[in-house]
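The values are calculated or read from the model by the stated rules, or taken from the named source; none is laboratory data. In this text the structure is predicted, and so the values were computed from the model without any measurement. Here the Cβ positions follow ideal geometry from the backbone for every residue, glycine too, while neighbour counts run over all protein chains shown.
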Amino acid sequence: MIKKLLVLTLIFALAGVALYVGAGRATANEGAVVIKDDGCLLFDGDGDLVQADSNVRVETKSNKDNALTSCKASDVDPSTQGAVIFNYENTGLPCFTTAGFTNDWQNVVTPSGQSSLSCHYKN
């Protein structure tokens, strides 16, 4: 499990840097920046990484950076113990948004094999 967490942290860091460099930043005089289907990794029911079917990243217009990343995947391996919730508290991993890394995230995997990640950044 520790090896998975280290690999996941490295993947998030590398993907985050690449997305951050490539994505526009919203300023106080502009609207929100919305990036769709640029790739996102989330967990299946066993804690393994899976590629998202769809994702959206939004950074809102304000003097403070606010950002949201949402990802969804279907037909992932569910846990044998019902719904599973992953977050910073039980993984120790941050999540990346266009505004930066945050510990405010949650990945829910349902018994039917649906996985959804919501990652919030508020400055």
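Can you name every residue in the stretch 71-88 that is surrounded by fewer than 16 Cβ atoms within 10 Å (Cβ to Cβ) and among the β-branched types (Val, Ile, Thr)?
Thr80, Ile85, listed by residue number.
With Leu68, Leu19 as the choices, which residue is surrounded by 14 or more Cβ atoms within 10 Å (Cβ to Cβ), farther than 26 Å from Ser112 by Cα, hydrophobic (A, V, I, L, M, F, W, C) and at pLDDT below 90?
Working: Leu68 fails: farther than 26 Å from Ser112 by Cα.
Within the list Leu68, Leu19, the selection yields Leu19.
In the stretch 99-118, how many residues are within 10 Å of Val76 (Cβ to Cβ) and in contact (Cβ under 8 Å) with a residue 40 or more places away in the chain?
4
Given (1) under 11 Å from the mean Cα position of the chain (by Cα); (2) at pLDDT below 95, where does Leu93 come up short, assuming only one miss?
(2)
Is at least one residue of the stretch 28-40 modelled with pLDDT under 50 and either in a helix (DSSP H, G or I) or of a type outside the set (Ser, Thr, Tyr) (or both)?
yes
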